[in-house]
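Take a look at the structure set out below.
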Amino acid sequence: MAELQKDPVTRGQFLFMGVVGSLVGAVMTIPPVVFVLNPTIKTNLLGQSDIPDDWLELGSVFEIPSGEPKVYRVEFPQEQTYNGGGPLLGEDSMIQAVLVSWKEGEIPSILENGDQGSFSTSEIEELTQDLNVMSNHCAHLGCPVRWFPDRGEFLCPCHGGIYTINGGLIGGPPPQGLYKYAYEVREDGAIYVKHEFTNGEPWVV
């Protein structure tokens, strides 16, 4: 009667090799997964942004009309995560429409004389408090809102969100008013903005 051939690999050795193979596979898988998810980790978990924290000039306080917003198109450069972190412009930048208006639509009396000289610190503070600098994306699902002069309101064409000239919510499904950018007014009346929001996180669109 022939002897059964003995298995050269014991059950314990087989299990050990399986565990080692799983560990090696996991170690080789983690780096590419982290690489792919890095933008999400930076934005959602660490609160970081791919857009540099730079001030960009919009225009002048003398350009903002009475009773309606002025729309500026701003090109925020993005730092491309997958090419070493260099800033990108053109097709790879984030172009946003920024809405600027006077609160309640009234031009401040400080501008009525039309003097375009330099402003004092107190005048800069007054102008800053009188301005609205807002995103044009609805706070519901990010659709771009439109200004309707006959109604004196911003309306969202997607789901009917309605906002005041100050960006305050009037009605519809949005959970809040329009997102407001961080901004500042400088001595010559120039308005500067950066990609930072003072009332919550922006919608990614």
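On inspection, Asp54 passes the criterion of being at pLDDT 75 or above, of a type in the set (D, E, K, R) and either assigned to a loop (DSSP other than H, G, I, E, B) or buried (at least 17 other Cβ atoms within 10 Å of the Cβ) (or both). Within segment 27-39, at least one residue is within 24 Å of His137 (Cβ to Cβ) and either surrounded by fewer than 10 Cβ atoms within 10 Å (Cβ to Cβ) or modelled with pLDDT under 65 (or both). Of all residues in segment 103-139, those being crowded, with 19+ Cβ neighbours inside 10 Å, of a type outside the set (Phe, Trp, Tyr) and assigned to a loop (DSSP other than H, G, I, E, B) number 3. Residues of segment 57-102 that are among the charged types (D, E, K, R) and either modelled with pLDDT under 90 or in a loop (DSSP other than H, G, I, E, B) (or both): Glu68, Glu75, Glu79, Glu91, Asp92.
The values are calculated or read from the model by the stated rules, or taken from the named source; none is laboratory data. Quick caveat, the model's predicted, so the values are computed rather than measured. Virtual Cβ from ideal backbone geometry, glycine too; neighbours counted across all protein chains shown.
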